[in-house]
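Chemist: A single structure is presented below for examination.
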Amino acid sequence: MSRIVVFGAGGRAGRRAVAEAASRGHQVTAVVRDPARHAHLHRENVTVVAGDVTDPASVAAVAEGHDAAVQTAYRPDVPAAEFFPAAAHALLTGLARAGVGRLVLVGIGTQLEVSPGVLVLDTPDVSEEVRAFSLSHVAELEVLRAADTDVDWLVLAPPPVVLDDEAERTGEYRIGGTAVIPTDSFSYADLAVALVDEIESPKHHRALVAVA
């Protein structure tokens with residue numbers, strides 16, 4: 001059993017990660033901005049707390065005593081180009097301060113390659129809005145890659161499709177590499193399986209990895 005802190009626990013990816021980890025017997029700290037709005041997260045093995053993923057001190061405080069962290073948070077009221085790099089900096093600083101050794105982040109499919117050296121976000125069919133949002137994830141990855149840190153991080157990028165929030169967990173997925181894994185659909189439930197698997201049995205380290 002591990003102690004896992006999940007940032008952005010109120011979102012679609014976050015709440016699935018909380019449920020998956022708790023169902024396996026892990027002790028989970030679900031971090032949200034306002035716990036009063038997330039009563040649905042309360043279940044066996046889960047503690048809901050307030051925290052700010054862009055504040056190193058807040059990250060350190062909620063992560064103290066944990067073995068691993070999951071980052072699924074996003075704030076639409078903050079420009080993505082600011083939010084994701086700030087969160088990466090705060091997580092690396094705060095988790096190191098708290099002694100948390102493993103960090104698994106959810107990336108975005110458009111930061112994967114469709115051919116060697118060509119990212120989905122640079123293809124003609126991608127809108128400027130989507131491209132700008134995607135570049136914020138690229139900036140997050142650059143922060144992680146440039147950091148001199150003991151935190152063993154991993155970015156798991158689901159495919160560039162709309163993830164299914166209703167589909168049941170199958171427990172099956174494919175993983176590996178920086179190229180898009182062709183698929184027509186993927187669920188938040190199975191993304192959560194991959195996230196928790198990489199905490200229980202880390203197989204990828206300090207990398208961007210596709211999952212589908």
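The values are calculated or read from the model by the stated rules, or taken from the named source; none is laboratory data. Treat the numbers as computed from the prediction; the structure is a model and nothing was measured. Virtual Cβ from ideal backbone geometry, glycine too; neighbours counted across all protein chains shown. All accessible areas refer to the heavy atoms of the entire protein, side chains included, with ligands and DNA or RNA removed. Shrake-Rupley method; radii C 1.70, N 1.55, O 1.52, S 1.80 Å.
Chemist: Please list 163, 135, 91 in order of solvent-accessible area, largest first, computed with a 1.4 Å probe with all protein chains present.
Modeler: From most accessible down to least: 135, 163, 91.
Chemist: Sticking with this one: What is the extension gain from residue 33 to residue 78, computed as 0.36 nm multiplied by their sequence separation minus the C-alpha to C-alpha distance, in nm to one decimal?
Modeler: This chain segment gains 14.9 nm when fully extended.
Chemist: Rounded to whole Å, give me the distance from the Cα center of the stretch 1-38 to that of the stretch 145-173.
Modeler: 15 Å
Chemist: Quick one: order 178, 170 from most to least accessible surface, probe 1.4 Å.
Modeler: From most exposed to least exposed: 170, 178.
Chemist: Which shape class, rounded, prolate or oblate, goes with the stretch 1-68 when its Cα gyration tensor gives a ≥ b ≥ c as root eigenvalues, a/c under 1.5 marks rounded, and past that a/b bigger than b/c marks prolate?
Modeler: oblate
Chemist: Which net charge results for the neighbourhood of residue 189, defined as the other residues with beta-carbon distances under 12 angstrom from its beta-carbon, given Lys and Arg at +1 and Asp and Glu at -1?
Modeler: -3
Chemist: So, one more: First obtain the Kirkwood hydrodynamic radius of the chain from its Cα pairs, then insert it into the Stokes-Einstein equation at 20 °C and 1.002 mPa s, and state the resulting D in µm² per second as a whole number.
Modeler: 126 µm²/s
Chemist: Here is a further query. Provide the descending list of Cα extents for the stretch 70-141 along its principal axes, expressed in whole angstroms.
Modeler: 43, 30, 14
Chemist: Step through the residues of the stretch 57-71 one at a time and calculate ³J(HN,Hα) from phi using the Karplus curve (6.51 cos²θ - 1.76 cosθ + 1.60, θ = phi - 60°), rounding each to whole Hz and writing x for Gly and Pro.
Modeler: Once rounded to whole Hz, the list reads 5, 5, 4, 4, 5, 7, 8, 3, x, 9, 9, 7, 10, 10, 10.
Chemist: Here's another thing I want to ask about it. Extending each Cα 7 Å along its Cβ direction at residue 55 and residue 114, get the distance between those two points in nm, one decimal.
Modeler: Going from the residue 55 label point to the residue 114 one covers 4.1 nm.
Chemist: Also, quick follow-up: Quick one: what are the phi-derived ³J(HN,Hα) couplings along the stretch 187-198, Karplus 6.51/-1.76/1.60 with θ = phi - 60°, whole Hz, x for glycine and proline?
Modeler: Here the 3J(HN,Hα) series is 10, 4, 5, 7, 4, 5, 4, 4, 4, 6, 4, 6 Hz.
Chemist: Would you please give the residues with an amide H less than 5 Å from that of residue 68, counting only those at least 5 places away or on a separate chain, with H modeled from the backbone geometry?
Modeler: When sequence neighbours closer than 5 places are left aside, the close amide H contacts are 3, 5.
Chemist: While we're on this one: With both bridge residues required to lie in the chain, what share of the DSSP beta bridges run antiparallel, to the nearest 5%?
Modeler: Of the beta bridges lying entirely in the chain, close to 10 percent run antiparallel.
Chemist: With θ set to phi - 60° and the Karplus curve 6.51 cos²θ - 1.76 cosθ + 1.60, what are the ³J(HN,Hα) couplings of the stretch 116-130 in order, to the nearest whole Hz, using x for Gly and Pro?
Modeler: x, x, 10, 7, 3, 5, 9, 8, x, 7, 8, 5, 5, 5, 5
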